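First the structure, in the form of C-alpha cells, and then the observations on it.
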Amino acid sequence: MLEMIDITKTYRAGAIETPVLRGVSFKVARGEFVAIMGASGTGKTTLMNILGCLDVPTGGKYLLDGVDVFQNNDDAISSIRNEKIGFVFQQFHLLDRASALDNVLLPLTYADKYPADASAKCVSSLQAVGLGDRMDYRPNQLSGGQQQRVAIARALVTSPALILADEPTGNLDRQSGLEIMSILQKLNGEGRTVVLITHDQNIAEHAGRILVLREGRIFEDSKREAPLNAEKELFALTGGAQLEPGGCSNNR
Amino acid sequence: MIALGRNKTRSFLVMLGVVVGISALTVVVSMAKSANRKVMQRVNNFGPTAIMLFAGGGKNLPGPDPTVATLTLDDAKAVETQVRGVKSICPQVMRPMVPASYRDRSYEVTVIGAGTAWQDAWDWYVSSGDFYDEQDYAGMARVAVIGQTVVRELFQGASPIGETIRIANANFKVKGVLPAKGTSPMGTDMDERVIIPLTTAMRRTFNVSTFTMVRVRVSAVGDVQRVASEIRALIRERHNIRPPDLDDFRVVTPDIIAGLSQMVAGTLNRVLLAVTILSLVAGGIVLMNLMLLSVTERRHEIGLRRALGGKRRDVLLQFLFESVALTSSGGIGGLVLGIAASLLVGRLTAKTTEISWEPVALAFGLSLLVGLVFGLLPARRAAGLHPVEALR
C-alpha cells in the first residue's frame, strides 16, 4: 500500500550539508497500524513530512496507493494529499472562527470534485469520533481532546488511504490521549491504515508494528503481537465511568 | 472571509484609505459632470455661432470695458463686407448706471447703443412693439427698446409702448419691450437695459466716435474659428498693428468661453483627483502591509490548507479575494460617503452636482483594482510558503 525505497534527505545551508535521512526503506500493508519512533534529531519529522507528501526527498522513491508520488508536480501532489492522506497534527490546526462542521468540510472544498453529499460526509465523520452533538461548536468551545477528535473527523472525511498522525496525543492529558488512541485503534480495526509518529514509547505500544528511527535510518522494525488496548486502559483509568470510545467526555 | 472579522480595527484601517479615495473620486466625477454641463450652458448663452470683438487688448476677460473704445463704425462695416461667412453683425456701445426717468419715477439703467441687427445677434426679440428700424438708425432717432426691469421700475406694469422716457436728459420714445432674460452668469440683471440706435448713442447721447464691442454671428459653427482669425487679421490691418505690437482689441469665440470655465473647474478637479489617487495608493500600501502581516500570522492556517490539499493557486486566490473584499467594502463605503458629500457640496454652494452611474462603476473598478494590485504580493507570498515551513 505504501512503500519507501531508499529515501534520503539532505538539508543544505550554504556549503554545509546536513544529511537527515540516509536511506530509509520500508513497506506498510493496507490495514496496518504502524508507529514510527525516534528521539528528536533522528529525522522523524522529516520522514513524516515526506510520508505526508509535504516535503520532497533528496533521493529515493515513494509509492503511495500505487502512485509514484514525487513524479508529479506540485499541484498533483496537492491533490494526492487531498485524496490519499488524512493528517492529524499535534497542534490540532483547526480554524478558530469556523464551526467543527466547517473545519471538517475544509478538505472537501479542495477536492478536485466537490462531492454532492459533502455535508452528509462531514456529519458521519463527526459522528464517528463521537462529536455528533457538537457540530456547531467552535474550537474554543471544545476541550483539547474534542478538538483533536474534530481534526480526526477532518482527516477521515475524504476516506484517505492513509491516516498520518504526528504526535496526536502530545498536547493532551493522559485521558484525552487515550481517547484519541482508542479512536485511532477503532479506525484501524475498521481496516484503515494508520501511521503514527511519536517519541513516546507508551503511545507507540498501541501500534501493531513499531519502526525505530536512529541517525536517519530504520534501526529496528518489530511487530507487536499484543499491542496495548486504549479502550481498556481508559476503562481502568476512569474506573468504568468513561463512555464508549469516542464518547463525550468534558475534561476541560 | 473568516479571517477578515478577526481584525476589525485592521480591516477598518485598510478600508479607510479606499473610503477616502473613492468618496473623493465620487465628488470629483459628480462635480466634473455638473461643471461640464455648466460650460455647455455658458457656451450656449454666449452663442455657439457667435464671435465677440471687444475694444482693448490684454488678457483679462471681458465684460466690455466702457473706458476702452477703439472700434469704429468703419471697422464694423469692413468686417461685415470683407469677411466671408458673417451672417449678421451688431456693433454696440454700452454704459451702465445711466439715469432714466418717466414722469416722477426714475431708475438707473444700462444703455446699449446697438446696430439694427441686435435682435438677431443676441437671439433676443421684442415681445411687444417693434425694434427700431433702418430709418431710425440712419436718422439717429431718439427711440428705445426697454427690458422688463425697466418696464417694472418706470411703468409699474403699465404698457410703455409709445410713451416717452428721459435718458441722460434727453427724451426717448419707447418702441418695443424685450422679454425677461433674468440674471446673467456674472450675476447682473439682464433686464435693466435700454437699447437705442448706435448712431443716436454715439452722436447724440454719449458723443463718442468709437464703440466698445461688435457681436458677429456666423452661418455655421464650423466657420467660427476661420471667421474669428480673419476678423483679427482685418482689424490688425485697419488699426495698423504690426508685430511685435499687441492687438488693441480682442476676439472672443465660444471655445475661449468654454476653456475659461473649464480651467477653473479643472484646477479644483485636479486637486481632488490627486487626493483620490494618493489616498487609493496609500490605502493600497496599508492593505499590502497588513495583508503581509496577516500572511505571517496565519502561516499555520496556510500550511494546514496546503496539507489538506489546497493548491498554491487556491491559497493565492483566497488571499486575493480577501484583499478585494476589503477594498470593495471600502469602495462601497466611499461611494456612499461620496454621494452624500456631493449632495452636501451641492446644497452648500447652491451648485448642482450630478449623481450618475459613472462614479459607481469607477468606484467598483478602482477599488477592485487596488485590491488586486496591492493584494497580489501578499497573496503570492502566502501561496509561495512551503507547507512544512508554514506548519512548523
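Nothing in this text is a laboratory measurement; each read-out follows from the coordinates by a stated rule. What you are looking at is a predicted structure, and each value in this text was computed from that prediction instead of being measured. Positions of Cβ are generated from backbone atoms using ideal geometry, with glycine treated the same way; all protein chains shown enter the neighbour counts.
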Take the cross-link list A:9/A:113; A:121/B:8; A:44/A:121; A:9/A:186; A:121/B:311 and give me the ones stretching past 29 Å between alpha-carbons.
A:9/A:113; A:121/B:8; A:44/A:121; A:9/A:186
For the range A:63-148, evaluate the Debye formula with one uniform point scatterer on each Cα (no solvent term) and list log10 I(q)/I(0) at q = 0.20 Å⁻¹, rounded to two decimals.
-0.98
For chain B, what ratio Rg/Rh do Cα atoms give with a Kirkwood hydrodynamic radius?
1.26
What residue among A:195, A:69, A:34 has the largest mean-square fluctuation in a Gaussian network model of chain A, using Cα springs under 10 Å?
A:69
Binned at 10 Å starting from 0, the alpha-carbon pair-distance distribution of the protein assembly as shown in whole percents comes out as 3, 12, 15, 13, 9, 7, 6, 6, 7, 8, 7, 4, 1, 0
Semi-axes in Å, largest first, for the range B:291-392 (Cα gyration tensor, √(5λ)) are 40, 11, 8
With each run of n ≥ 4 DSSP H residues scored as -39500 (n - 2.57), what mean residue ellipticity at 222 nm is computed for chain A after dividing by its residue count and rounding to the nearest 500 deg cm²/dmol?
-9500 deg cm²/dmol
Quick one: the Cα spread of the range A:33-83 along its three principal axes, in angstroms, biggest first?
32, 26, 17
Near residue B:25, within a Cβ-to-Cβ distance under 14 Å, what is the net charge of the other residues, with Lys and Arg +1 and Asp and Glu -1?
+1
On C-alpha positions alone, give me the angle between the axis of helix B:224-238 and the longest principal axis of chain B, in degrees, nearest 10.
50
Burial ordering of A:50, A:36, fewest other beta-carbon atoms within 10 Å first
A:50, A:36
Any idea what angle helix B:254-297 forms with the longest principal axis of chain B, computed on alpha-carbon atoms, 0 to 90 degrees, nearest 10?
10
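Need one number: the % of Cα-Cα pairs in the range A:2-238 sitting beyond the 24 Å mark.
45
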Between residue B:134 and residue B:373, Cβ-based FRET efficiency (R0 56 Å, step 0.05) works out to 0.20
Check the straight Cα-Cα distances from residue B:181 and name the lysines below 22 Å, setting aside those fewer than 8 residues away within the same chain.
B:38, B:351
Measuring from the lowest to the highest alpha carbon on each principal axis, how far does the range B:240-313 reach, largest first, in angstroms?
90, 23, 20
As a test of the formula, what do you get for chain B when each DSSP H run with n ≥ 4 contributes -39,500 (n - 2.57) and the sum is divided by the residue count, at 222 nm and rounded to the nearest 500 deg cm²/dmol?
-17500 deg cm²/dmol
Whole-number value, in Å³ per residue, for the convex hull of the alpha carbons of the range A:120-252 is 116
Tell me the angle of helix A:174-189 to the major Cα principal axis of chain A, expressed in degrees between 0 and 90 and rounded to the nearest ten.
70
At a 10 Å Cβ-Cβ cut-off, how would you order A:143, B:229, fewest neighbours first?
B:229, A:143
For chain B, with a Gaussian network of springs between Cα atoms less than 10 Å apart, report the residue from B:187, B:375, B:176 with the top mean-square fluctuation.
B:187
Among the aspartates and glutamates, which fall within straight-line cross-link reach of residue A:27, defined as a Cα-Cα distance under 13 Å, with same-chain neighbours fewer than 8 residues apart omitted?
A:3, A:6, A:65, A:221
Rg/Rg_globular for the range B:272-314, with Rg_globular taken as 2.2 N^0.38 Å and Rg from C-alpha atoms:
1.70
Along its principal axes, what span do the Cα atoms of the range B:50-219 show, with the longest given first and each in whole Å?
46, 34, 30
Please work out the Kirkwood hydrodynamic radius for the range A:118-168, using every pair of different C-alpha atoms, and report it in angstroms with one decimal place.
11.2
